[in-house]
Every structure is written in structure tokens, then in C-alpha cells.
Amino acid sequence: MPPHPTDGVLWRRATAGDRESFGVLFDRHAEAVRSYCARRTGSLDAADDLVSIVFLEAWRRREEVELVDDLALPWLYGVARRTVQRRWRTAVRHRQALSRLPASMVEPDPADGVAARLDDERHLERVRVAMTELNAIDRDVILLCVWQGLDYASASVALGVPIGTVRSRLSRARGRLRDAVEPDPPGPPGPPADPAPLPLTVQEHR
């Protein structure tokens, strides 16, 4: 194997059953998948759990991979997206079941004592709340193109939609997200502060 094999080389070896090559793919892309899952769920703890589930599912479906410019990450984002959707439906059913139990049987979640981690959770929660007005596809377009840095072609693979749909959805989602986080009108006269612009740029696929 070359010193720095491409995703395509690694995936072909993984498809043939080479678990070590799949481990290299995990090391290469796990953090990006974790970041996507954290932004999608608003929870770092959930993201840590989901990463393992995503890569187990990717191993199970490794013969179905669709590479973009010899990169596996767009396809892995698609696996992550579907995994999060299934996890969400399971969580809804779980909450419904808990709601039918006597209050004394429902144990509270343990508190996280790490201040920095709590700060990250609060930040993720603010981002999540700002995006709740977007529908599922628009939200995923923002997550993949803006925060995860995918180009239109890669996002098209991750979402399973045409490139033109990615373009139009991204444009609409950016406008709606700006409206959602737009600062309130200024109060008493004073030096106005410029609102920080959202990082809403996306690399055009050439």
C-alpha cells in the first residue's frame, strides 16, 4: 500500500475485507462525522455514540460506497444523516414510553461537571434553536455545505438529491437562517455594533 493511500484505494481494500484499511478510513474521517452529528443533534454525547454506529453501518454497506473525487466523506455524511434520522425516531418513541411511566421510575440523566464541555453544549443548543425553523433538507444543506465545507457535488451525494436542488435549497436556507438570527433593532442611541456575519460561504464545485 502507498504511504498515503487515497480513500478509493482504502475502500477497495476494505470492500475485499481488509479491516485495517477501514480503520485508516475511520481515523481519517471520524472527527468530521462526529462534528456533523453534534451539529445535527445538538449533543456532543449523542455524537460520540453516533460515530460508532455510522461506521458500523458504513462497514456493513461498504460495497455501496459512492466516492466523489476519490473521497468517501460525502457518502459517509449520507450514512450519518440517515443514522441520525433513525436515532431521532427511536428517541421519540423512547420519550413517549417514558411519559407513560410513573414519575418515580424515570431516573434523571447524570450532570456533566466539566465547564468547558457545558459551554460547548450551550453553544450547540443556541445554534440548534436558530435552525429549528428550517425543514430537514434545508437544515442538512446548511450543515453540509456551510459547516462541513462540502461543495455542491459532494452534498448532492450525501443528501441523495440533484446538484440543482442543493444550490436552490442552500440559497433559501441561508436567507431563512439569517432572518432567524438577525439581531433585534437597536435600543437607545449609542455606537452601533456590527453583527458578526454568518460563515455562509460554500466552495463552488468545478
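Things worth noting here:
- Residue tally, condition touching a residue at least 60 places away in the same chain (Cβ under 8 Å) and either among the basic types (Lys, Arg) or surrounded by fewer than 19 Cβ atoms within 10 Å (Cβ to Cβ) (or both), over segment 140-153: 2
- Search result, residues across segment 27-44 that are crowded, with 19+ Cβ neighbours inside 10 Å and among the hydrophobic types (A, V, I, L, M, F, W, C): Val33, Cys37, Ala38
- Flag if Gly23 is open to solvent by 10 Å² or more (accessible area, probe 1.4 Å) and not in a helix (DSSP H, G or I): no
- Being open to solvent by less than 30 Å² (accessible area, probe 1.4 Å) and either touching a Phe, Trp or Tyr at 6+ places or on another chain (Cβ under 7 Å) or in a helix (DSSP H, G or I) (or both) is not true of Pro5.
- With respect to the stated conditions, Ala103 fails to be small (Gly, Ala, Ser) and either modelled with pLDDT of 95 or more or open to solvent by less than 60 Å² (accessible area, probe 1.4 Å) (or both).
- Consider segment 16-32 and keep the residues that are in contact with an Asp or Glu (Cβ under 9 Å, 6 or more places away or on another chain) and not aliphatic (A, V, I, L, M). The one that is farthest from Asp140 (Cα to Cα) is Arg28.
- Val161 modelled with pLDDT of 85 or more and either more than 14 Å from the chain's Cα centre (by Cα) or among the aromatic types (Phe, Trp, Tyr) (or both): yes
- Of all residue pairs spaced 6 or more apart or on separate chains, those with beta-carbon atoms under 8 Å, a first member in segment 163-177 that is more than 12 Å from Ile137 (Cα to Cα) and part of a helix (DSSP H, G or I) and a second member that is charged (D, E, K, R) and open to solvent by 50 Å² or more (accessible area, probe 1.4 Å) are Arg176/Glu133.
- The lone exception for Gly187 - which of (1) open to solvent by less than 70 Å² (accessible area, probe 1.4 Å); (2) over 20 Å from Val84 (Cα atoms); (3) modelled with pLDDT under 85; (4) part of a helix (DSSP H, G or I) it fails: (4)
- Hey, Arg13 basic (Lys, Arg) and surrounded by fewer than 16 Cβ atoms within 10 Å (Cβ to Cβ) or not: no
- Matching residues, segment 33-49, being within 16 Å of Ile142 (Cβ to Cβ) and part of a helix (DSSP H, G or I): Ser35, Tyr36, Cys37, Ala38, Arg39, Arg40, Thr41
The values are calculated or read from the model by the stated rules, or taken from the named source; none is laboratory data. If you're wondering where the values come from, they're calculated on a predicted model, not measured in any experiment. All Cβ positions, even for glycine, are placed from backbone atoms using ideal geometry, and neighbour counts span all protein chains on display. Just so you know, the surface numbers come from the protein's heavy atoms only, side chains and all, with ligands and any DNA or RNA stripped out. Shrake-Rupley method; radii C 1.70, N 1.55, O 1.52, S 1.80 Å.
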